[in-house]
Amino acid sequence: MRSKWMRVLDIVAGVLLIAVGIYCLCNNEIAVMSAALLLGLFTLAAGIAEIVVFAGTNRIWIGSGWLLLEGVLTVIMSLFLLFNQWFTKLSLPFLFALWLLFSGISRFVSSFDLRALGVRAWGWVLALGIILMIAGFVCMMDPWLSFAAIGVTIGLVFLLEGINSIVSACIPRTKKF
(Lines give C-alpha, C1' and ligand atoms only; values in the text may rest on other atoms or scores of the structure.)
Protein backbone atom coordinates (compact mmCIF):
# COMPACT_ATOMS: atom_id res chain seq x y z
CA MET A 1 0.00 0.00 0.00
CA ARG A 2 2.82 2.40 0.88
CA SER A 3 4.51 1.74 -2.45
CA LYS A 4 1.25 2.64 -4.22
CA TRP A 5 1.18 6.04 -2.47
CA MET A 6 4.79 6.67 -3.49
CA ARG A 7 3.85 6.01 -7.10
CA VAL A 8 0.89 8.38 -6.84
CA LEU A 9 3.16 11.05 -5.34
CA ASP A 10 5.67 10.55 -8.15
CA ILE A 11 2.89 10.85 -10.77
CA VAL A 12 1.51 14.02 -9.14
CA ALA A 13 5.01 15.54 -9.06
CA GLY A 14 5.44 14.59 -12.73
CA VAL A 15 2.15 16.20 -13.75
CA LEU A 16 3.05 19.40 -11.86
CA LEU A 17 6.49 19.50 -13.50
CA ILE A 18 4.93 19.04 -16.95
CA ALA A 19 2.40 21.82 -16.26
CA VAL A 20 5.17 24.20 -15.21
CA GLY A 21 7.21 23.23 -18.27
CA ILE A 22 4.32 24.04 -20.59
CA TYR A 23 3.72 27.34 -18.77
CA CYS A 24 7.39 28.33 -19.16
CA LEU A 25 7.36 27.46 -22.86
CA CYS A 26 4.17 29.46 -23.48
CA ASN A 27 5.19 32.49 -21.39
CA ASN A 28 8.91 32.85 -22.08
CA GLU A 29 9.17 36.49 -20.96
CA ILE A 30 7.51 35.82 -17.63
CA ALA A 31 9.60 32.69 -17.17
CA VAL A 32 12.82 34.63 -17.69
CA MET A 33 11.77 37.35 -15.23
CA SER A 34 10.82 34.86 -12.54
CA ALA A 35 13.18 32.01 -13.39
CA ALA A 36 14.96 32.00 -10.05
CA LEU A 37 11.76 31.89 -8.03
CA LEU A 38 10.10 29.27 -10.24
CA LEU A 39 13.22 27.17 -10.37
CA GLY A 40 13.75 27.47 -6.62
CA LEU A 41 10.17 26.54 -5.69
CA PHE A 42 9.74 23.66 -8.08
CA THR A 43 13.17 22.18 -7.57
CA LEU A 44 12.46 22.30 -3.83
CA ALA A 45 9.22 20.38 -4.44
CA ALA A 46 10.95 17.92 -6.77
CA GLY A 47 13.80 17.37 -4.31
CA ILE A 48 11.41 16.76 -1.43
CA ALA A 49 9.37 14.38 -3.60
CA GLU A 50 12.52 12.43 -4.50
CA ILE A 51 13.48 12.15 -0.82
CA VAL A 52 9.96 10.99 0.09
CA VAL A 53 9.98 8.44 -2.74
CA PHE A 54 13.39 7.21 -1.54
CA ALA A 55 12.07 6.84 2.01
CA GLY A 56 9.28 4.64 0.72
CA THR A 57 11.34 2.52 -1.68
CA ASN A 58 14.86 2.28 -0.27
CA ARG A 59 14.61 -1.44 0.44
CA ILE A 60 12.76 -2.30 -2.76
CA TRP A 61 14.66 -0.50 -5.49
CA ILE A 62 18.32 -1.18 -6.30
CA GLY A 63 20.18 2.09 -6.81
CA SER A 64 17.72 4.13 -4.79
CA GLY A 65 20.66 5.82 -3.04
CA TRP A 66 21.14 7.84 -6.23
CA LEU A 67 17.57 9.06 -5.87
CA LEU A 68 18.26 10.22 -2.31
CA LEU A 69 21.48 11.97 -3.33
CA GLU A 70 19.75 13.73 -6.21
CA GLY A 71 16.89 14.77 -3.91
CA VAL A 72 19.24 16.20 -1.27
CA LEU A 73 21.33 18.08 -3.86
CA THR A 74 18.18 19.42 -5.51
CA VAL A 75 16.86 20.70 -2.15
CA ILE A 76 20.21 22.38 -1.34
CA MET A 77 20.32 24.05 -4.77
CA SER A 78 16.73 25.24 -4.41
CA LEU A 79 17.49 26.84 -1.04
CA PHE A 80 20.39 28.78 -2.58
CA LEU A 81 18.10 29.93 -5.38
CA LEU A 82 15.32 31.02 -3.03
CA PHE A 83 17.32 32.82 -0.35
CA ASN A 84 20.21 34.48 -2.17
CA GLN A 85 19.06 36.56 -5.14
CA TRP A 86 22.51 38.02 -5.91
CA PHE A 87 23.98 34.53 -5.98
CA THR A 88 21.09 33.36 -8.14
CA LYS A 89 21.52 36.03 -10.80
CA LEU A 90 25.23 35.32 -11.15
CA SER A 91 25.18 31.56 -10.92
CA LEU A 92 21.81 30.47 -12.33
CA PRO A 93 23.19 29.30 -15.69
CA PHE A 94 26.04 27.38 -14.04
CA LEU A 95 23.87 25.79 -11.32
CA PHE A 96 21.26 24.85 -13.86
CA ALA A 97 23.88 23.16 -16.07
CA LEU A 98 25.27 21.24 -13.09
CA TRP A 99 21.77 20.10 -12.11
CA LEU A 100 21.13 18.89 -15.66
CA LEU A 101 24.42 17.00 -15.69
CA PHE A 102 23.83 15.32 -12.35
CA SER A 103 20.23 14.42 -13.21
CA GLY A 104 21.42 12.92 -16.48
CA ILE A 105 24.19 10.93 -14.82
CA SER A 106 21.76 9.71 -12.16
CA ARG A 107 19.27 8.50 -14.80
CA PHE A 108 22.09 6.96 -16.84
CA VAL A 109 23.37 4.92 -13.88
CA SER A 110 19.86 3.97 -12.73
CA SER A 111 19.00 2.62 -16.18
CA PHE A 112 21.65 -0.09 -15.83
CA ASP A 113 20.23 -1.08 -12.45
CA LEU A 114 16.83 -1.40 -14.13
CA ARG A 115 18.41 -3.48 -16.92
CA ALA A 116 19.98 -5.80 -14.34
CA LEU A 117 16.53 -6.28 -12.80
CA GLY A 118 15.09 -7.22 -16.19
CA VAL A 119 12.89 -4.15 -16.61
CA ARG A 120 12.13 -3.77 -20.31
CA ALA A 121 11.72 0.02 -20.18
CA TRP A 122 15.28 0.62 -19.00
CA GLY A 123 16.22 2.03 -22.42
CA TRP A 124 13.86 4.98 -21.98
CA VAL A 125 15.53 5.93 -18.71
CA LEU A 126 18.94 5.58 -20.41
CA ALA A 127 17.82 7.81 -23.30
CA LEU A 128 16.48 10.45 -20.91
CA GLY A 129 19.76 10.39 -18.97
CA ILE A 130 21.75 10.93 -22.16
CA ILE A 131 19.45 13.80 -23.25
CA LEU A 132 19.82 15.48 -19.84
CA MET A 133 23.62 15.09 -19.91
CA ILE A 134 23.82 16.59 -23.40
CA ALA A 135 21.62 19.51 -22.32
CA GLY A 136 23.90 20.03 -19.29
CA PHE A 137 27.03 20.05 -21.46
CA VAL A 138 25.48 22.53 -23.91
CA CYS A 139 24.50 24.84 -21.04
CA MET A 140 27.95 24.48 -19.49
CA MET A 141 29.74 25.42 -22.73
CA ASP A 142 27.89 28.71 -23.16
CA PRO A 143 26.19 29.79 -19.91
CA TRP A 144 25.19 33.20 -21.30
CA LEU A 145 23.38 31.54 -24.16
CA SER A 146 21.70 29.38 -21.53
CA PHE A 147 20.76 32.47 -19.54
CA ALA A 148 19.32 34.17 -22.63
CA ALA A 149 17.12 31.15 -23.35
CA ILE A 150 16.45 30.21 -19.73
CA GLY A 151 12.67 30.17 -20.12
CA VAL A 152 12.82 27.62 -22.92
CA THR A 153 15.53 25.64 -21.17
CA ILE A 154 13.60 25.50 -17.90
CA GLY A 155 10.40 24.61 -19.72
CA LEU A 156 12.02 21.71 -21.57
CA VAL A 157 13.79 20.40 -18.48
CA PHE A 158 10.61 20.54 -16.40
CA LEU A 159 8.85 18.62 -19.19
CA LEU A 160 11.61 15.98 -19.26
CA GLU A 161 11.72 15.68 -15.47
CA GLY A 162 7.93 15.40 -15.33
CA ILE A 163 7.91 12.68 -17.98
CA ASN A 164 10.69 10.91 -16.10
CA SER A 165 8.73 11.03 -12.83
CA ILE A 166 5.65 9.57 -14.47
CA VAL A 167 7.65 6.89 -16.33
CA SER A 168 9.50 6.00 -13.11
CA ALA A 169 6.20 5.64 -11.27
CA CYS A 170 4.79 3.37 -13.98
CA ILE A 171 7.77 1.00 -14.14
CA PRO A 172 6.98 -2.06 -12.06
CA ARG A 173 9.28 -2.56 -9.09
CA THR A 174 10.50 -5.92 -7.91
CA LYS A 175 9.78 -7.16 -4.44
CA LYS A 176 12.40 -7.39 -1.72
CA PHE A 177 14.57 -10.51 -2.10
Legend entry - Rough spin-label spacing in nm, given labels placed 7 Å along Cα→Cβ, for Cys170 and Val15: 1.4
Legend entry - Apportionment of accessible area to carbon and sulfur, the stretch 65-108, percent (1.4 Å): 84
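Can you tell me the length gained on complete extension of the stretch Lys4 to Phe94, counting 0.36 nm per residue apart and subtracting the Cα distance?
Difference between extended and current length: 28.8 nm.
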Legend entry - Relative packing of 158-165, 115-122, which averages over residues the other C-beta atoms within 10 Å, highest first: 158-165, 115-122
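The values are calculated or read from the model by the stated rules, or taken from the named source; none is laboratory data. The shown structure was predicted, so the numbers you read here are calculated from the model rather than taken from an experiment. Quick reminder, even Gly has a Cβ in these numbers, built from the backbone with ideal geometry, and neighbours come from all protein chains shown. Side chains included, ligands, DNA and RNA excluded: accessible areas come from the protein's heavy atoms. Shrake-Rupley method; radii C 1.70, N 1.55, O 1.52, S 1.80 Å.
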